[in-house]
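The values are calculated or read from the model by the stated rules, or taken from the named source; none is laboratory data. This one's a predicted model, so the numbers in the text were calculated from it and none came from an experiment. Note: ideal-geometry Cβ built from the backbone for every residue, glycine included; neighbour counts use all protein chains shown.
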Amino acid sequence: MRIAVLKERAAGESRVAATPETVKKFIALGATVAVETGAGEGASIADADYAAAGAEVSPEAVRGADIVLGVQGPEIAALAGANQGAWIVAGLDPFGQRARIDGYADAGYEALAMEFMPRITRAQSMDILSSQSNLAGYKAVIEAASQYGRAFPMMMTAAGTVAAAKCFVMGVGVAGLQAIATARRLGAQVSATDVRSATREQIQSLGAKPIFVESVAGIEGEGAGGYATEMSEEYQKAQAELVSSHIAKQDIVITTALIPGRAAPRLISDAQIATMKPGSVIFDLAVSQGGNVEGSQADQVVVRHGVKIIGFSNTATHLAADASALFARNLYNFLSAFWDKEAGKPVLDEEIGDAVRLTQGGKVVSERLLGAN
Ligand code: NAD
């Protein structure tokens, strides 16, 4: 069983899908690990560290591989020399990269999309969306703080008092919860909103104020699989009114709202931005999925009505070392949980296998992906 670790080729991608720690663990399972030369550079991991962990480090790592690990889905060309039927295990962006997924099927690879990991308790440690969103929520606040021309905490000084920043977090999933916690640690006054009623208590437990649409019912409890759906027009209207009255008083707004397989919901309009104080900062974590904020542009600081709107196309990559360490553990936790000692390779069960498998036997087999056609 040969596991290859790719050097990421996508622009701006600094993460890597395995670390010396996970290399050692894969070897302990009986696998051989080959790492592409320079794969860990962006995450500050030297080739020598992989070699010391027992990996073969080579530009030809993929040759003869049974499993190829990546952070993002590789181009077909990067897989040349992999074995027939090899597994491609990565964040494959199934909805955004459909043509590439078809290419994996045509080439006979078995593509496993880690972002399709079901949200069940035993899969939590395998969930790349959670591990990366958590870091992204943290980074969004840090970045917003660095773009903000004022301080976050209240400071009483001999020269006068500095007021605490008011921070509003929209969308309280994994990223939103970490954004609330980070903004609180920095001393901001934090409020937050979501469409799922289960988040109200979570917001309060972090010491922030819940701001909810009360006139129209949102999503009961957690929502299906923890995910939100598109909201009714009536709800959207009530939400827009709520946001309008709240946002004018905010200094920092972090938006994180996503709906799987769809464009991100628009939460803040240009007219609403115009009511904010000049110098305020908005970080749009959904910018690469179409954006929650009108006018946001990936990897740019856009100034509208004196308000800075920022967002990274790939937020976790800005914390490449930690993001790689967690991503690598997610992949190890996934493959090792299914490791069949006798077969010397992982054998997936139905619940998780069927959820993450996109292609097999030359065809696209994922019901979720086929259902989105
Ligand atoms: P996400 O990234 O899909 O979305 C971010 C948040 O935006 C969600 O809370 C969503 O409800 C919210 N949102 C969507 N549309 C909105 C709108 N119009 N207005 C306001 N908010 C809106 O979510 P996520 O971070 O992946 O997590 C969602 C839930 O799933 C959480 O409760 C999380 O704890 C749970 N989860 C469970 C597991 C597991 O059990 N294995 C793994 C990951 C997440």
- prompt: Is there a residue in segment 229-238 that is under 21 Å from Val141 (Cβ atoms) and in contact with a helix residue (DSSP H, G or I) (Cβ under 8 Å, 6 or more places away or on another chain)?
  reply: no
query: Do we have any residue at all in segment 184-195 that's in contact with an Asp or Glu (Cβ under 9 Å, 6 or more places away or on another chain) and assigned to a helix (DSSP H, G or I)?
result: no
field: Test result for Ala175, touching a Phe, Trp or Tyr at 6+ places or on another chain (Cβ under 6 Å), within 18 Å of Thr256 (Cα to Cα) and aliphatic (A, V, I, L, M)
entry: no
message: Considering only residues that are surrounded by fewer than 17 Cβ atoms within 10 Å (Cβ to Cβ) and under 20 Å from Trp87 (Cα atoms), which ones fall in segment 30-72?
response: Gly30, Thr32, Glu56, Ser58, Pro59, Glu60, Arg63, Gly64
- prompt: Which is more than 15 Å from the ligand (Cβ to nearest atom) and either more than 26 Å from His318 (Cα to Cα) or touching a residue at least 60 places away in the same chain (Cβ under 8 Å) (or both), of Ala208, Ala183?
  reply: Ala183
query: If we scan segment 82-90, do we find a residue that is assigned to a helix (DSSP H, G or I) and in contact with a Phe, Trp or Tyr (Cβ under 8 Å, 6 or more places away or on another chain)?
result: no
- line: Note on segment 294-337: residues of a type outside the set (D, E, K, R) and without any contact (Cβ under 8 Å) to a residue 40 or more places away in the chain are Gly295, Ser296, Gln297, Ala298, Gln300, Val302, Val303, His305, Gly306, Val307, Ile309, Gly311
- request: Name every residue in segment 130-172 that is within 16 Å of Val287 (Cα to Cα) and within 11 Å of the ligand (Cβ to nearest atom), in order of residue number.
  value: Gln132, Ser133, Ala136, Gly137, Val169, Met170, Gly171
- request: May I ask you to verify whether Ala217 is of a type in the set (Gly, Ala, Ser), within 12 Å of the ligand (Cβ to nearest atom) and free of Cβ contacts under 8 Å to residues at least 60 places away in the same chain?
  value: no
query: Is there any pair with a first residue in segment 115-128 that is within 6 Å of the ligand (Cβ to nearest atom) and part of a helix (DSSP H, G or I) and a second that is aromatic (Phe, Trp, Tyr) and modelled with pLDDT under 95 whose Cβ atoms are under 6 Å apart and which are 6 or more apart or on different chains, and what are they?
result: none
task: Output yes when any residue across segment 70-84 is within 25 Å of Thr255 (Cα to Cα) and under 18 Å from the mean Cα position of the chain (by Cα), and no when none is.
output: yes
